[in-house]
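S.K.: Here it is, the structure in full.
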Amino acid sequence: MQLGLVTYRWADDWDLPTIIENCEQTGFAGVELRSTHAHGVEPTLSPAERADVAKRFDDSSVELVGLGSACEYHSPDPAELERNIEETKAFIKLCHDCGGTGVKVRPNGLPQDVPVANTLEQIGRALNDVAAYGADYGGEIRLGGHGR
């Protein structure tokens with residue numbers, strides 16, 4: 001068994017060199033970097049910045065297991081749903097460019113005014129879409145989240 005770190009609650013205020021250094025010192029084998037945190041690994045990174053992230057992990061004993069996004073697919077607003085799907089695709093490309101193996105998404109709720117079956121079907125269609133896109137980059141889509 002190997003330990004890994006998810007930066008959602010721990011390490012959310014650490015920059016990338018600190019995350020890698022602390023994981024190496026404590027024996028953590030891998031890390032999932034959560035979006036919007038201090039390490040700054042976001043889809044807005046340039047190709048050179050993405051290459052730098054990949055090199056930092058390649059030069060360390062720590063594996064970039066993946067990226068944790070805040071993308072979710074339950075919104076009844078078609079524009080919001082599409083924005084989340086496109087954002088997931090940006091995270092998939094980022095993860096690939098940085099050397100990670102997958103992106104966590106969070107189908108995170110059931111709107112009260114929409115039949116549950118409709119929402120679940122919508123989430124399933126969105127997951128199929130992003131998973132097909134992810135397959136082109138050798139990445140997995142991982143589910144996380146909370147909610148009703």
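The values are calculated or read from the model by the stated rules, or taken from the named source; none is laboratory data. As the structure is a prediction and not an experimental result, all values here were calculated from the model. In this analysis, Cβ positions are derived from the backbone assuming ideal geometry, glycine residues included, and neighbour counts consider all displayed protein chains. What goes into the accessible areas is simple: the full protein's heavy atoms, side chains included, and nothing from ligands, DNA or RNA. Shrake-Rupley method; radii C 1.70, N 1.55, O 1.52, S 1.80 Å.
S.K.: Calculate the length of the line joining the C-alpha centroid of segment 90-113 to that of segment 7-36, in whole Å.
M.R.: Segment 90-113 and segment 7-36 have Cα centres separated by 18 Å.
S.K.: Give the accessible surface of segment 19-148 per residue, rounded to a whole number of Å², with probe radius 1.4 Å and ligands, DNA and RNA excluded. Write out the running numbers ahead of the final one.
M.R.: Working: 6480 Å² over 130 residues.
That works out to 50 Å² per residue.
S.K.: Considering only protein heavy atoms and a 1.4 Å probe, what is the carbon-and-sulfur percentage of the accessible area of segment 76-148? Display every interim value, and only then the final one.
M.R.: Details: 2100 of 3980 Å².
Using a 1.4 Å probe with all protein chains present, segment 76-148 comes out at 53 percent carbon and sulfur.
S.K.: Which net charge results when you count Lys and Arg as +1 and Asp and Glu as -1 among the other residues whose beta-carbon is under 14 Å from that of Val103?
M.R.: On the way: positive: Arg34, Lys89, Lys93, Lys104, Arg106, Arg142; negative: Glu32, Glu42, Glu72, Glu86, Glu87, Asp97, Asp129, Asp136, Glu140.
Once all neighbours under 14 Å are counted, the net charge is -3.
S.K.: Here is a further query. Please work out how much length the chain gains when fully extended from Glu24 to Glu82, using 0.36 nm per residue of separation minus the C-alpha to C-alpha distance, in nm with one decimal. It would help to have the intermediate numbers written out before the result.
M.R.: Numbers: separation 58, 0.36 × 58 = 20.88 nm, distance 3.84 nm.
The Glu24-Glu82 span can extend by a further 17.0 nm.
S.K.: Then there's this: Once every Cα of segment 1-133 carries one equal point scatterer and solvent is ignored, give the base-10 log of I(q)/I(0) from the Debye formula at q = 0.15, 0.18, 0.21 Å⁻¹, two decimals.
M.R.: Log10 I(q)/I(0), no solvent term: -0.73, -0.94, -1.15.
S.K.: In segment 58-74, whose amide N lies under 19 Å from the spot 7 Å out along Cα-to-Cβ of Val114? List them in ranges.
M.R.: Taking a point 7 Å out along Cα→Cβ of Val114, the residues of segment 58-74 whose backbone N falls under 19 Å are 70-74.
S.K.: Of all accessible surface on segment 1-53 at a 1.4 Å probe, what whole percent is carbon and sulfur? Intermediate results must be reported in sequence, preceding the final value.
M.R.: Working: 1670 of 3110 Å².
Using a 1.4 Å probe with all protein chains present, segment 1-53 comes out at 54 percent carbon and sulfur.
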